Amino acid sequence: MKQYRNYVNGRWVDSPRRFNDHNPVDGSVVAEVHEADASTVDAAIRAGHAAIQGPWGRTTVTERAAMLNR
């Protein structure tokens, strides 16, 4: 089964709260998803704000899209 964790500021973050994602066709569990709590969301917002203040924020939308697609 796949497991989806939160990626914040260059690292994978586990969460004690998780939920299962189900296949709508047969109801089987296809993945376990880590639920982000308030502190994880706050950390992600801080990291995103810091990234925009640095080199990432000085790239064009086209450059960002190319990097993300690679």
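The values are calculated or read from the model by the stated rules, or taken from the named source; none is laboratory data. Since this is a predicted model, take the numbers as computed values, not measurements. Note that each Cβ is placed from the backbone with ideal geometry, even for glycine, and that neighbours are counted across all protein chains shown. Just so you know, the surface numbers come from the protein's heavy atoms only, side chains and all, with ligands and any DNA or RNA stripped out. Shrake-Rupley method; radii C 1.70, N 1.55, O 1.52, S 1.80 Å.
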Nearest 5 is fine: what % of DSSP beta bridges in the chain come out antiparallel, could you say? 75
From Cα pairs below 8 angstrom and at least 6 apart in sequence, can you work out the relative contact order of the chain, rounded to a whole percent? 28
Residue by residue through segment 2-9, the couplings from Karplus 6.51 cos²θ - 1.76 cosθ + 1.60 with θ = phi - 60°, in Hz, x for Gly and Pro, are 6, 10, 10, 10, 8, 10, 10, 6
What is the percent carbon and sulfur in the accessible area of the chain, measuring with a 1.4 Å probe over the protein chains and ignoring ligands? 54
Considering only the other residues whose Cβ falls under 14 Å of the Cβ of R5, what net charge follows from Lys and Arg at +1 and Asp and Glu at -1? -1
Local electrostatic count, W56, Cβ distance below 15 Å [Lys/Arg +1, Asp/Glu -1]: +3
Using 0.36 nm per residue of separation minus the Cα-Cα distance, give me the extension gain between D21 and R70 in nm, one decimal. 14.9 nm
Most to least packed among 28-41, 47-60 [average Cβ atoms within 10 Å]: 28-41, 47-60
Can you give the FRET efficiency for R58 and S28, using 1/(1 + (r/R0)^6), R0 = 35 Å, r = Cβ-Cβ distance, to the nearest 0.05? 0.15
Using a probe radius of 1.4 Å on heavy atoms only, what accessible surface per residue do you get for the chain? Whole Å² is fine. 80
Residue by residue through segment 39-53, the couplings from Karplus 6.51 cos²θ - 1.76 cosθ + 1.60 with θ = phi - 60°, in Hz, x for Gly and Pro, are 5, 5, 5, 4, 5, 5, 5, 4, 5, x, 4, 5, 5, 5, 6
